[in-house]
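Report on the structure given below.
FYI, it's all coordinate maths here, none of it is from the lab. Being a predicted model, the structure only gives us computed values, none of them experimental. Methodologically, a virtual Cβ is constructed for each residue, glycine included, from the backbone with ideal geometry; neighbour enumeration extends over all protein chains shown.
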Amino acid sequence: MTERQKDCIVEIQELVVAINEVVKKYDLSDEFLSCIAIGFLDMETKHLDEEGNERADMSLLSSFSVADEEELDDLLSYCVEAYRLEEKEPPNTSSIDYWINLTNGDDSVN
């Protein structure tokens, strides 16, 4: 980990602590969920694995605020779904199929 990366992680860690303090200030700890993972890739360790995929070591800071593993699983499932929604290509509104699928077969729209 480079010195700049260390400095950055320390500053981010201070922000995570500040977030938790805000939650405590409003007495919302029992209702608060969070999952934070922040890291840097060590590009000096970059290599190809057996399958030809690029890999590198990471320096990672993580923080979890959940009641139990089930709550963590729900939160992580949400993160995966939110990521997938962000990654989807915008719909092709010039296609007739887009408009047909939009109505779910309900011809009362016309």
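Once both labels are modelled 7 Å past Cα along the beta-carbon direction, what's the ALA67-ASN20 spacing in nm?
Rounded to a tenth, the inter-label distance reads 2.0 nm.
How far, in nm, would the chain grow between CYS8 and SER95 when pulled straight, counting 0.36 nm per residue and subtracting the alpha carbon separation?
26.7 nm
Points 7 angstrom from Cα along the Cβ direction at ALA56 and LEU75: gap in nanometres?
Rounded to a tenth, the inter-label distance reads 2.7 nm.
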